Amino acid sequence: MAPEHASPADPARLSRDTVPAGLVGPRPDGPAGIVHLGLGNFHRAHQAVYTARALAHEPGPWGIHAFGNRSRTVVDGMRTQDLLYSVLQVDQDDRSAWVPGVHTAVDVAAEDPAAVVTAIAAPGTRVVTLTVTEHGYSLSARTGGLNLADPAVQHDLADRAAPTTAVGQVTAGLLRRWRDGAGPVSVLSCDNLSDNGHQLAGLVRTCAAEGPDPAPAEFLDWLGAEVAFPCSMVDRIVPATTDAHRRATAEVLGVADPVTVPAEPFSMWAIEDTFAAGRPAWDAAGAILTDDVAGYELLKLRLLNGTHSLIAYLGCLTGAPIIPASVSQELVAEAARRVMREEYLPTVRVPHDVDAEDYMAQLLARFSNHALGHRTTQVGADGSQKLPQRVVGPAVHHVRAGRTPHLLCLTLAAWLACLTGRIRDDHGLLAQLVDPRAEELRRIGATAAGPAEVVDRVLDETGIFPAELAELTAVRERTATLLATIERHGAETATREALQR
Ligand code: CS2
């Protein structure tokens with residue numbers, strides 16, 4: 001912000017000099033031990049906070065060199081503020097702010113792709129972390145592996161020096177690391193993908209082995225021996241920043257921070273403790289370090305994220321711009337409660353230290369946090385990448401047991417209704433839903449003879465979902481009838497129908 005634009009009433013900008021004493025984490029030592037891909041709000045309110053708290057317990061070389069993918073907004077904002085930003089914690093009747101202060105460098109990957117490779121290969125790097133969203137893994141739902149047909153993946157296979165995808169960046173960085181003899185490292189996925197560490201390891205192996213310049217077998221041996229890919233479950237509701245959040249931060253901190261991050265008070269992180277070259281004392285900061293992450297992962301991915309998707313799409317269809325407004329509608333709340341209890345919970349193994357009843361009650365309370373302003377269009381974004389992770393496993397589980405999962409079908413139908421352009425956008429929310437497959441879905445919506453054909457073509461032609469979903473006739477048929485009801489009578493009637501079974 002140029003000083004001439006500042007009025008006397010404007011607070012000073014956040015910096016090392018202006019940050020209120022006691023509200024900033026300790027400065028990390030030395031060069032960054034962590035390279036992070038994906039400088040979004042989630043990373044800044046979750047992993048960065050745990051890392052700053054861990055450093056307060058146990059000093060170490062755990063500064064974070066973070067790369068944003070394309071956008072300059074956060075990078076420029078943080079650079080103007082001595083690499084600082086604040087986390088604004090908000091719930092109904094309380095708000096507070098804290099400044100992690102754990103970043104040692106921030107850059108834009110697209111502006112200097114080689115810098116990402118160099119950072120991953122640097123001898124001081126011990127952990128590479130990722131929050132690149134489901135879409136960032138270049139996954140093919142059809143094969144479950146790397147989407148070799150994706151032009152960005154093809155680019156990265158052809159030009160290992162300047163990769164553009166997260167998987168290409170990690171692979172190129174590890175290849176350089178191996179050539180340089182820079183030592184072991186851990187690569188930690190912090191995205192909502194089931195079995196995220198193992199999936200990422202597989203994607204990196206494919207990326208290394210494919211293309212005109214395949215990596216030698218020795219590299220793959222080194223990967224197996226020296227590089228760890230722990231799985232993790234990450235959880236904190238972190239919306240996009242709005243002006244209301246910026247104003248609240250200025251009031252709470254007394255300094256201006258345009259790149260503040262709003263977040264709920266709740267935070268959870270379960271990490272498989274299989275690191276190859278050390279890690280921060282994340283456990284001292286409240287993370288659960290365990291040998292069994294799978295239970296936490298599926299519980300969260302299904303009960304939280306799966307239910308979130310249903311609330312988001314029903315909200316978009318009924319004119320609710322934020323998640324708490326959607327779930328404050330009794331029908332939506334009932335659908336959320338029942339999809340959790342009847343269709344997600346029976347498909348997971350609840351970890352021994354989690355009480356399922358408390359967990360579900362807490363989720364409904366978290367979804368009802370009005371002060372956070374979490375938009376339905378944000379949760380509804382990228383459904384083509386999220387729903388395969390959330391809905392398919394549970395749907396297969398129920399159909400194999402002879403049951404039709406009506407509310408999972410409602411989730412699919414509501415998503416299709418939002419994206420296929422066959423209903424009026426009465427509330428202007430559908431147009432705001434971003435999805436990499438949006439164009440294709442609209443094309444199907446425009447040319448299909450009716451809802452049943454929409455469902456058939458999305459399942460059979462697009463490759464958005466794995467074939468195992470397409471094989472479930474019960475899901476196909478129920479989704480089509482619910483989509484028909486949404487198109488003809490609206491989402492409320494369809495929800496009632498799904499709840500009546
Ligand atoms: C949400 C998640 O946008 C979404 O798809 O379901 O971002 C959710 O808020 C987080 O995973 C909570 O930990």
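Assorted remarks:
- The DSSP beta bridges internal to the stretch 12-289 are antiparallel in roughly 30% of cases.
- Simple spin-label estimate for Ala401 and Thr80 gives 5.3 nm between the two label positions (7 Å along the Cα-to-Cβ direction from each Cα).
- Residue-by-residue Karplus 3J(HN,Hα) for the stretch 171-188, coefficients 6.51, -1.76, 1.60, Hz, glycine and proline x: 4, 5, x, 5, 4, 5, 4, 5, 4, 7, x, 7, x, x, 7, 10, 10, 10
- Only the Cβ atoms of Lys and Arg (+1) and of Asp and Glu (-1) were treated as charged; on that basis the dipole of the stretch 293-500 about its Cα centre amounts to roughly 60 debye.
- Computed over protein heavy atoms with a 1.4 Å probe, the accessible surface of the chain works out to 38 Å² per residue.
- Among Leu148, Ser86, Tyr137 the positive-end extreme of the charge dipole of the stretch 57-175 (Cβ point charges): Leu148
- Cα gyration tensor shape for the stretch 445-501, rounded if a/c is under 1.5, else prolate or oblate: oblate
- With both residues required to sit in the chain, DSSP beta bridges show an antiparallel share near 30%.
- Overall, the accessible surface of the stretch 293-500 at a probe of 1.4 angstrom is composed of carbon and sulfur to the extent of 49 percent.
- Kirkwood hydrodynamic radius of the chain, Cα pairs, Å: 23.5 Å
- Calculated diffusion of the stretch 293-500, Stokes-Einstein form, Kirkwood radius summed over Cα pairs, 4 °C and 1.567 mPa s, µm²/s: 77 µm²/s
- For the pair Arg70 and Glu357, label points projected 7 Å from Cα toward Cβ lie 4.9 nm apart.
- Cα-based helix-to-principal-axis angle, 196-209 vs the chain, degrees rounded to 10: 80 degrees
- Given charges at beta-carbon only (K, R positive; D, E negative), |dipole| of the chain in Debye: 500 debye
- A straight chain from Ala161 to Thr118 at 0.36 nm per residue would run longer than the Cα-Cα distance by 14.5 nm.
- In this Cβ point-charge picture (+1 for Lys and Arg, -1 for Asp and Glu), the stretch 229-283 has a dipole of about 160 debye about its Cα centre.
The values are calculated or read from the model by the stated rules, or taken from the named source; none is laboratory data. Just so we're clear, the structure is a prediction, and the values are computed from it rather than from any experiment. All Cβ positions, glycine included, derive from the backbone under ideal geometry; neighbour counts span all protein chains shown. For accessibility, only protein heavy atoms count, side chains too; no ligands or nucleic acids. Shrake-Rupley method; radii C 1.70, N 1.55, O 1.52, S 1.80 Å.
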